[in-house]
Amino acid sequence: MKKISRQEVLAIATMSRIALREDEINPMIEQLEQVLSYAERVSECATTLQEPSTKQVNVFREDVVITQDPEPLLARAPEREGNYYVVPAILES
């Protein structure tokens, strides 16, 4: 792992507009090195994983279409037209 120099910490503090006292610089170097060390370990672990992406995948159940009779729900509607609810218009034609 690359060591962080005092000058790098001061440059980062300047860019971030953070005022560091002299006694805060060495602890900041240690903390930044710990963060970078952790990020390096995570990066190494992430490159060894070969799991497929589960993004946008339904892992709980198969999608199955279940047809149901709409009549019980539509019977409760104050006003209906065929198999649809009639609601007040909110957009003008």
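Laboratory data are not the source of any read-out in this text; all were calculated from the coordinates shown. Here the structure is a predicted model, which is why all the values come from computation and not from measurement. Methodologically, a virtual Cβ is constructed for each residue, glycine included, from the backbone with ideal geometry; neighbour enumeration extends over all protein chains shown.
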Calculated from DSSP helices alone, with each H run of at least 4 adding -39500 (n - 2.57) and the total divided by the residues of the chain, [θ]222 nm to the nearest 500 comes to -14500 deg cm²/dmol
Each label sits 7 Å from Cα toward the beta-carbon; between residue 90 and residue 62 the label points are separated, in nm, by 3.7
Percent relative contact order for the chain, counting Cα pairs under 8 Å at least six residues apart, stands at 17
Note on the chain: C-alpha Rg/Rh, Kirkwood Rh, two decimals, gives 1.47
At the level of C-alpha centres, the distance separating the stretch 1-45 and the stretch 72-93, in angstrom, is 63
If one compares the long axis through the Cα atoms of helix 22-48 with the longest principal axis of the Cα atoms of the chain, the angle in degrees, nearest 10, works out at 50
Full extension between residue 55 and residue 22 adds, at 0.36 nm per residue less the Cα distance, a length in nm of 7.2 nm
